[in-house]
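*Asks:* One structure, pasted below without further comment.
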Amino acid sequence: MPTSPRHAAAGNLPSSETIRVLAQRVSVRDYAERSVDDHYVQAVLKSAFRAPTSSNIQSYSVIVVREAETLAALGEVTAGQRHVREAPVFIGFCADLTRIEAAMAARGHCLEDNNLEVGLVASIDAALVGMSAYLAAESLGLKGVLIGAVRNNAVETARILGLPKGVYCVFGMVLGWPGEVPAQKPRMAYDDMVHYERYGRHADEAGVDERVAAYDAVLAAHYEAAGKPTTPDSWSHDMDKKFNPQLRDNLRAELAALGFDFR
Ligand SMILES: Cc1cc2nc3c(=O)[nH]c(=O)nc-3n(C[C@H](O)[C@H](O)[C@H](O)COP(=O)(O)O)c2cc1C
């Protein structure tokens, strides 16, 4: 039977400034009383716009929000998240089909009832730019957190941000100079996530239930050490609670109203 490669000890792996930035990354929701000047935002976004983009469609737009009234409204739509309401700066990463539509309209065509592929690709583009911006921000010493809760009500978020039809906010990002930085959340085991040549080369070893149970125990210990409420089946419990009943069950209709057909 072919043997699977096993990962080397971290000390034996090549490293770089980017890898070191990623290795110490953690979501931070508490910020110092120091503004994030616009030249930082520009540096972060201009570098992020070098992210790859499917067929060069560049189907994203970014909304930079600083006004208290807008932040308060975003705080509400995101179920009262304090770090959104009091964000030093909030950046909305949007999928944007308007430029493609303009190019097509000028040639007598339209994106009406766009198919799943274009919505998906535009969302992936926005996510790649968002993560690139996040990494660039981290490399400058800024900290932050992504905000998917803007999709609690995609239509209301679009209203708050003044998005036209053909644009929706995939996720937001809060950035600030760090206040309290929490301990890093443990990840699932590397060997549980990485497969060589074919999925499931660990057939001779623990099954998915045992692997998940092992991670439950690791995450429960992490939360206990951090003084946060948890259960012995920490991750499994959270996943079940999050996705049953269905999360954001209005989303398909809301995205359709915004011009994204995810049927
Ligand atoms: C797409 C996306 C949406 C997220 N939405 C929220 C959010 O609305 N509020 C929040 O506080 N954290 C949010 N997070 C942060 C995750 O909770 C966090 O990344 C995860 O728990 C792992 O913790 P870590 O980033 O500290 O490693 C989001 C992360 C991602 C990738």
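The values are calculated or read from the model by the stated rules, or taken from the named source; none is laboratory data. The model shown is predicted, which means the values in this text are computed figures rather than measured ones. Here the Cβ is made from the backbone with ideal geometry for all residues, glycine too, and neighbour counts use every protein chain on show. Quick note on the areas: whole protein, heavy atoms, side chains included, nothing else; ligands and nucleic acids left out. Shrake-Rupley method; radii C 1.70, N 1.55, O 1.52, S 1.80 Å.
*Asks:* In region 66-141, which trypsin sites (Lys or Arg not before Pro) are in a loop and have at most 11 other Cβ atoms within 10 Å, using DSSP for the loop call?
*Replies:* Details: sites: 66, 82, 85, 99, 107; in loops: 66, 107.
Passing both the DSSP loop test and the Cβ count: 107.
*Asks:* Just how large is the dipole of region 184-238 about the Cα centre, in debye to the nearest 20, putting +1 at every Lys and Arg Cβ and -1 at every Asp and Glu Cβ?
*Replies:* Working: 6 positive and 11 negative charges, 57 e Å.
It works out to roughly 280 debye.
*Asks:* How large, in percent, is the carbon and sulfur part of the accessible surface of region 184-238 at a probe radius of 1.4 Å?
*Replies:* Values: 2190 of 3870 Å².
That share works out to 57 percent.
*Asks:* Before rounding to the nearest 500, sum -39500 (n - 2.57) across all DSSP H runs of length at least 4 in the chain and divide by the residue total; then give [θ] at 222 nm in deg cm²/dmol. Walk me through the intermediate numbers first.
*Replies:* Numbers: 11 runs with 111 residues, N = 263.
About -12500 deg cm²/dmol.
*Asks:* Counting heavy atoms of the protein chains only and a 1.4 Å probe, report the per residue accessible area for region 184-238 as a whole number of Å². Write down the numbers at each step before the final one.
*Replies:* Details: 3870 Å² over 55 residues.
Heavy-atom accessible area per residue stands at 70 Å².
*Asks:* Counting only the heavy atoms of the protein chains, how much of residue 39 is accessible to a 1.4 Å probe, in Å² to the nearest 10?
*Replies:* Counting only protein heavy atoms, the figure is 120 Å².
*Asks:* Return one number: the angle in degrees, 0 to 90 and rounded to the nearest 10, between the long axis of the Cα atoms of helix 116-139 and the longest principal axis of the Cα atoms of the chain.
*Replies:* It is inclined by approximately 70 degrees.
*Asks:* Can I ask one more? Would you please state which residues of region 84-113 a label at residue 58 would reach in this model, taking the label point 7 Å out along Cα→Cβ and a backbone N cut-off of under 17 Å?
*Replies:* Those under the cut-off are 94-104.
*Asks:* Relative contact order for the chain using alpha-carbon pairs under 8 Å, separation at least 6, rounded to a whole percent?
*Replies:* 25
*Asks:* OK, next. So how strong a dipole does region 35-149 carry about its Cα centre when Lys and Arg Cβ are +1 and Asp and Glu Cβ are -1, to the nearest 20 debye?
*Replies:* Values: 8 positive and 13 negative charges, 66 e Å.
Dipole of region 35-149, to the nearest 20 debye: 320 debye.
*Asks:* Given the protein chains as shown and a 1.4 Å probe, how many square angstrom of residue 110 are accessible, to the nearest 10?
*Replies:* Approximately 90 Å² for this residue.
*Asks:* Sticking with this one: Express the C-alpha Rg of region 143-244 as a ratio against the empirical globular expectation 2.2 N^0.38 Å, rounded to two decimals. Don't jump to the answer; show the numbers that get you there.
*Replies:* On the way: Rg = 18.6 Å, N = 102, 2.2 N^0.38 = 12.8 Å.
With N residues counted in region 143-244, Rg over 2.2 N^0.38 Å equals 1.46.
*Asks:* Moving on to the next point. Between residue 35 and residue 226, what is the spin-label point distance in nm, taking each point 7 Å from the Cα along the Cα→C-beta axis?
*Replies:* 3.2
*Asks:* Given a 1.4 Å probe, how much area per residue of region 117-173 is accessible, in Å²?
*Replies:* Values: 1850 Å² over 57 residues.
Result: 32 Å² per residue.
*Asks:* Further question on the same structure: For region 167-188 and region 85-135, compute the distance between their C-alpha centroids and round to whole Å.
*Replies:* So the two Cα centres are separated by 21 Å.
*Asks:* Hey, another quick one. What does region 1-160 give for Rg and for Dmax, in Å, if only its C-alpha atoms count?
*Replies:* Both quantities, over Cα of region 1-160: 19.0, 63 Å.
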